[in-house]
Amino acid sequence: MLLSLSTILTLWWVTVAAQASGQIEWHTTSRDLEYKLSKREPLQFSSPVRSPSAVSSTGVQTVVVDENKKFQTIFGIGSSLESSTCHNLMRMTEADRSDTLKKLLDPQDGIGMSLMRITVATSDFCPLPFYSYDDSEYPDESLSGFSISKDEDFILPVLRDAAKKYTAGPDGLRFFASTWSPPAWMKTTNTLQGGRYNTAYFPHYAQYILKFINAYRNEGIEVAGLTPQNEPLQNEDTYPTTLLLPEEEAELIRDHLGPLLQDPSNNCTTSIWCFDHNFKTLFYPETVLKDSEAKKYVSGTAFHNYGGRASAMSELHDAYPDKDIFFSEGSTFGVRGAAQIVAIFRNWATTYNAWVTMLDSNLEPNAGPFKPSPTMIELDAATLKPTYRFEYYMYGQFSKFIRRGAVRIETTSGVENEDENEDGKQLAHVGFINTSDNKRVLVVVNEFDYATSLVIQWRGMEATASLSPASVNTFVWEEE
């Protein structure tokens with residue numbers, strides 16, 4: 001007896017359902033902190049599935065997961081271990097510091113942040129005074145005065161501890177670095193604050209970066225990626241900044257930094273990420289990548305979110321699909337912030353990094369001009385005990401479950417412009433498959449101030465959840 005095509009498809013879906021009938025883990029963080037990365041009652045897929053339009057007609061929102069459509073591979077999710085955070089960590093007792101690092105970096109007992117940003121010398125978030133690694137009074141072309149000894153006060157002890165405990169394995173902690181200012185003598189103004197590069201010193205700056213990478217390697221800290229200049233269009237004169245025009249960055253990478261880091265004799269595995277500034281100034285990485293010789297040394301482009309929209313990353317990806325997209329700086333806050341992270345991943349970012357992990361209750365130390373928001377971890381200035389704020393748990397809804405090597409997969413709900421979805425009028429969602437354990441991970445953000453019903457559809461099956469008001473939800477399941 002011959003079977004009809006519809007019968008064959010039905011039997012196939014039944015077979016798939018039988019093979020993938022496991023429970024769905026469900027974790028929630030709510031704005032009121034009733035739930036803090038809390039494990040909820042598990043869900044169960046059931047069959048048959050309804051059409052998304054039929055579900056929507058009941059007032060329930062639907063997310064359809066299609067793992068046959070795949071996008072970028074995730075390199076890491078995390079924050080920063082810059083001067084201010086390390087300074088505050090070293091104010092704590094050794095036991096409290098160790099516990100705080102575990103809560104940040106351990107994927108089982110913490111939120112498993114797998115990528116942390118560090119700085120080449122100081123940024124604006126640091127105790128004064130500002131410094132570089134070669135603060136010679138006169139041009140030191142031999143770099144004889146180079147030293148990372150000032151990092152020994154509080155940065156290196158923290159980084160060595162983190163590297164020793166959490167970098168093991170392909171999914172372990174990784175670091176990338178950014179420069180706010182080269183040594184003052186390499187600039188036209190001879191100051192760390194403001195000014196621009198003196199391009200005559202590009203060869204010396206490239207050597208300076210290689211010395212930094214090697215010095216940190218000697219301390220057990222491998223630098224996986226590097227942005228040559230943080231926010232290269234900024235030259236504010238109240239903290240370390242340096243103007244570096246796109247044509248100049250292309251020259252620096254093409255003629256100096258790229259060849260030096262890729263010279264086999266230097267045994268360097270650090271990749272170069274260009275740009276490291278806002279979505280709205282897309283002309284900058286376009287200029288760098290249009291230079292074919294500079295382009296071959298660049299692994300990807302780093303972005304911040306202080307201006308413009310996340311869709312700029314997709315625009316650049318479409319033009320240069322062979323180059324990765326990195327999101328290197330831009331703390332987000334509240335449930336709205338979780339939706340912004342979803343938009344960042346839906347626009348090809350292989351990373352997400354918040355900026356500044358821990359200030360104290362006085363929002364210190366901060367030597368720069370910008371008044372910060374409270375950080376995800378706040379150190380009580382009197383008791384020196386940490387408080388874990390909403391953002392800590394919110395970031396954990398991503399970093400704990402989406403591991404290095406995860407591949408983003410298609411998730412849809414029939415809403416227009418889902419890749420932006422920054423107006424809070426519908427559920428924000430993004431999905432992945434972890435290659436390490438074959439688990440599916442779906443993050444859904446409910447920005448509404450009321451509970452919202454969600455139907456998850458996957459492989460001809462569906463599961464229903466009632467999302468708490470103003471909450472971030474992570475669903476995890478695997479084939480059995």
Flag if Ile111 is of a type outside the set (Phe, Trp, Tyr), touching a strand residue (DSSP E or B) at 6+ places or on another chain (Cβ under 6 Å), under 22 Å from Arg408 (Cβ atoms) and in contact (Cβ under 8 Å) with a residue 60 or more places away in the chain: no
Single unsatisfied condition, His429 versus (1) open to solvent by less than 20 Å² (accessible area, probe 1.4 Å); (2) assigned to a loop (DSSP other than H, G, I, E, B); (3) closer than 17 Å to Val65 by Cα: (2)
Single residue of region 364-396 satisfying the filter (aliphatic (A, V, I, L, M) and open to solvent by 40 Å² or more (accessible area, probe 1.4 Å)) that is farthest from the chain's Cα centre (by Cα): Ala382
Matching entry among Gln207, Gln193, Gln262 (being open to solvent by 50 Å² or more (accessible area, probe 1.4 Å), touching a Cys at 6+ places or on another chain (Cβ under 8 Å) and of a type outside the set (A, V, I, L, M)): Gln262
Residue match in region 316-338 (condition: more than 30 Å from Asp99 (Cα to Cα), open to solvent by less than 10 Å² (accessible area, probe 1.4 Å), in contact with a Phe, Trp or Tyr (Cβ under 7 Å, 6 or more places away or on another chain) and free of Cβ contacts under 8 Å to residues at least 60 places away in the same chain): no
Given (1) over 17 Å from Phe176 (Cα atoms); (2) outside any loop (DSSP other than H, G, I, E, B), number of the condition Asp237 does not satisfy: (2)
Restricting region 355-390 to residues that are small (Gly, Ala, Ser) and free of Cβ contacts under 8 Å to residues at least 60 places away in the same chain, the residue that is farthest from Met116 (Cα to Cα): Ala382
Test for Phe475: is it under 21 Å from Phe390 (Cβ atoms) and assigned to a loop (DSSP other than H, G, I, E, B): no
Cβ-Cβ under 8 Å pairs, at least 6 apart or on other chains, region 258-281 side outside any loop (DSSP other than H, G, I, E, B), far side basic (Lys, Arg) and open to solvent by 20 Å² or more (accessible area, probe 1.4 Å): Gly258/Lys296
Matching residues, region 31-51, being open to solvent by 60 Å² or more (accessible area, probe 1.4 Å) and free of Cβ contacts under 8 Å to residues at least 40 places away in the same chain: Lys39, Glu41
Residue among Asn434, Asn438 that is closer than 30 Å to Pro170 by Cα, free of Cβ contacts under 8 Å to residues at least 40 places away in the same chain and not acidic (Asp, Glu): Asn434
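The values are calculated or read from the model by the stated rules, or taken from the named source; none is laboratory data. Predicted model only: the values in this text are computed from it and were never measured. Glycine also receives a Cβ, built like all others from the backbone with ideal geometry; neighbour counts cover every protein chain displayed. Accessible surface areas use protein heavy atoms only, side chains included; no ligands, DNA or RNA. Shrake-Rupley method; radii C 1.70, N 1.55, O 1.52, S 1.80 Å.
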